[in-house]
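The values are calculated or read from the model by the stated rules, or taken from the named source; none is laboratory data. These numbers were taken from a predicted model, which means no experiment stands behind them. Here the Cβ positions follow ideal geometry from the backbone for every residue, glycine too, while neighbour counts run over all protein chains shown. Note: accessible area is taken over every heavy atom of the protein model, side chains too, but ligands, DNA and RNA are not part of it. Shrake-Rupley method; radii C 1.70, N 1.55, O 1.52, S 1.80 Å.
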Amino acid sequence: MLDLKHMAALCAIIEEQSFDKAARKLHVTQSAVSQRLKQLEESLGQLLVVRGNPLRATDAGHLVIKHYRQISMLQTELMEDLTTGTQSGYNTVAIGLNADSLDTWFLDALDPLLREQNLLLDLKIDDQDQTHQLLRNGDVLGCISASPEPMQGCSCIPLGVTPYRCLASPEYVNRYFPDGVNSDGFRHAPVAEFNHKDELQNRYLATYFDISPGDYPKHRVPATVPFFDLIIRGHACGMVPDQQSHKQMAEGLVVDMTPGKYLAVPLYWHVWNLKSQQASQITEALTAAAKTMLDPFEVHQDLIHPQ
C-alpha cells in the first residue's frame, strides 16, 4: 500500500516545479518533501522524478501521480457523502483543453457547475491534437481532444465540431491577392499560427493549395485574442473557429478567403473511468453545452483528426 502523503509530495513537486514550493503547498519543510519522495522511490524501487530544469516525472512517476489523483478525487467525494455533502473547502479539478475551446465555449459550459460547487479549475492548455498526452500522463482528470480513440481506462464522449476558416481583413486580401486567392499569393502572404504545434494552417494550405509548411511566411502568436486581432489588423490571415468570428464576419472586419473550403475539427471529451460524481457532473455539463455551442457531427462530412 502506497502512502498517500508520499504520493502527495510527488504530485506537488511536479505541479509546483519546485521542492520548496511543494513544501509550502503541503505545509511541511522542504526536507520532509525530499524525504517523502525518497521513501516513495525506495518503496517502488524506481526513479520517479528527473531532477533538472524543469523537474520532470518519469513514466513511473506519471503513473503514480495519476493513481494519487484518482484516489484523492474518490476520497474527497466519500468524505462529502459522509458529512451529508457539507464542504469545508475547495476541490481542484485538472482539465486539459485547447485554447480556442477555452476562449469560446468551455467556461460557459462549466459556469453553472462552478456556481453550485466549490470547484477550483486547474486548466492545462495545449493543441487539440496534443491534449491526449496530458491524460495519458495523469496530469488531468479529463481532456478535450480531436482524437476519437479512447485510452485504456478512459471513456471517449463525442462533443461536437468546430469549423475553422481561413479569415483575413479585406485590406489584406486586396494587398496580397489582387488577382484572387491562389497558391502563388500564399507563398508570399504572411500567415498566423498559434504555436509550433499548430498544424491547422499547414493542413489547410496543403489540402487546398498544395503548399508545404516551409513555403510561406508566418507570424507566431500563442494567444487567441491577439492572434485574431493580428488578422483583423490586416497583418496576416489565419484559421479562426466559427464560434469566435461570427460578429467580426457580420461587421465586415474579416472575410472568408475561400468560402466552402475549411477544416472541420471534431472535439471529444476523454475522462477517467471512475465512479466519480464529480467526473459525471463535468461530463454532463460539457455534453449539454456542446449541443448548443458546437456544430453537430452530421453537418460536416470530412473531419480533421490528429495525424
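Of the beta bridges DSSP finds with both residues in the chain, what % are antiparallel, to the nearest 5? Don't skip to the end; give the middle numbers.
Values: 23 of 37 bridges.
Restricted to the chain, the bridges split so that about 60 percent are antiparallel.
Net length available on complete extension from D256 to A223 is 9.8 nm, with 0.36 nm assigned per residue and the Cα-Cα distance removed. Could you please report the charge total around L97, scoring K, R as +1 and D, E as -1 over all other residues with beta-carbon less than 11 angstrom from its beta-carbon? Overall, the nearby charge balance is -3.
The lysine pair count for the chain, using Cα distances under 16 Å and pairs eight or more places apart or on different chains, is 8. In the complete set of protein chains, residue-level accessible area for K124 is approximately 50 Å², probe 1.4 angstrom. Note on surface exposure: D198, D302 rank D302, D198 by accessible area, highest first, 1.4 Å probe.
The string of couplings for the stretch 148-153 from the Karplus curve (6.51, -1.76, 1.60, θ = phi - 60°) is x, 8, x, 8, 4, x Hz, one whole number per residue in order, with x for Gly and Pro. Expressed as an acute angle from 0 to 90° and rounded to the nearest 10, what is the orientation of the C-alpha long axis of helix 59-82 relative to the principal long axis of the chain? Tilt of helix 59-82: around 70 degrees. For the stretch 67-207, the gyration tensor built on C-alpha atoms gives a prolate shape. Its axis ratio a/c (a ≥ b ≥ c) is at least 1.5, and a/b is the larger of a/b and b/c. Here the Kirkwood formula, the inverse mean of 1/r across different C-alpha pairs, assigns the chain a hydrodynamic radius of 21.5 Å.
For the stretch 156-307, what does the accessible surface come to per residue with a 1.4 Å probe? Please give it in Å².
48
Ignoring ligands, DNA and RNA, what percent of the 1.4 Å accessible area of the chain is carbon and sulfur?
Details: 7760 of 15330 Å².
Result for the chain: 51 percent of the exposed heavy-atom area is carbon or sulfur.
Other residues within the sphere of radius under 11 Å centred on the Cβ of I304, judged by their own Cβ, net out at -2 (K and R +1, D and E -1). Placing dummy labels 7 Å off each Cα toward the beta-carbon, the span from T92 to R51 is 2.4 nm. In this structure H196 has an accessible area near 130 Å², from a 1.4 Å probe over the protein heavy atoms.
Rounded to the nearest 0.05, what FRET efficiency do Q243 and S31 give with R0 = 51 Å and r taken as the Cβ-Cβ distance? Could you check?
Values: r = 50 Å, r/R0 = 0.97.
FRET efficiency, Q243 to S31: 0.55.
For the stretch 1-142, the solvent-accessible area with a 1.4 angstrom probe is 53 square angstrom per residue. With R₀ fixed at 45 Å, the C-beta to C-beta distance from Q75 to D215 puts the FRET efficiency at about 0.25. Heavy-atom accessible area with a 1.4 Å probe sorts L267, L63, L230, L107, largest first, into L63, L107, L230, L267.
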